[in-house]
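Just so it is clear, none of the values below were taken in a lab; they were calculated from the coordinates. Note that the coordinates shown come from a computational prediction; the quantities given were computed from them, not determined experimentally. All Cβ positions, even for glycine, are placed from backbone atoms using ideal geometry, and neighbour counts span all protein chains on display.
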Amino acid sequence: MLRLDYLSCLLTVTSTILIGRRCWEGWLVAIVNCIVICVIGVRTAQLGFVPANVFCFVMSAINLRTWRHAPTATVQDVNKDTRAA
């Protein structure tokens with residue numbers, strides 16, 4: 001039987017590492033983790049997990065969309081900003 005708690009732990013660590021490395025895939029892993037935690041909440045009758053993780057799911061989706069469309073600063077932009085100051 002699949003242990004969802006271990007799966008959620010693995011997904012949490014993986015998404016944190018990927019987001020820390022500025023990889024957009026980390027947001028997708030975080031969204032999958034939110035779904036897994038909702039399933040855990042329903043299966044164990046700990047229904048408080050469900051609304052909290054639906055909120056986290058929505059926030060992750062919004063952050064992913066924002067992150068994917070945000071302009072990224074280049075080294076030249078950073079150098080330009082530091083010389084202007």
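Before moving on, here are some points about what is shown:
- Zone residues, the range 29-43, relative to ARG68, backbone N less than 18 Å from point 7 Å out along Cα-to-Cβ: 29-35
- Using the Cβ of ASN53 as centre and a radius below 15 Å, the other residues enclosed give a net charge of 0, where K and R count +1 and D and E count -1.
- In sequence order, the range 41-57 has phi-based couplings of x, 5, 5, 9, 6, 9, 5, x, 5, 5, x, 4, 7, 5, 4, 4, 4 Hz under the Karplus curve 6.51 cos²θ - 1.76 cosθ + 1.60, θ = phi - 60°, and Gly or Pro positions carry x.
- R0 of 25 Å, Cβ-Cβ distance ARG43-ILE17: FRET efficiency to nearest 0.05: 0.40
- Per principal axis, descending, Cα span of the range 4-68 in whole Å: 35, 22, 11
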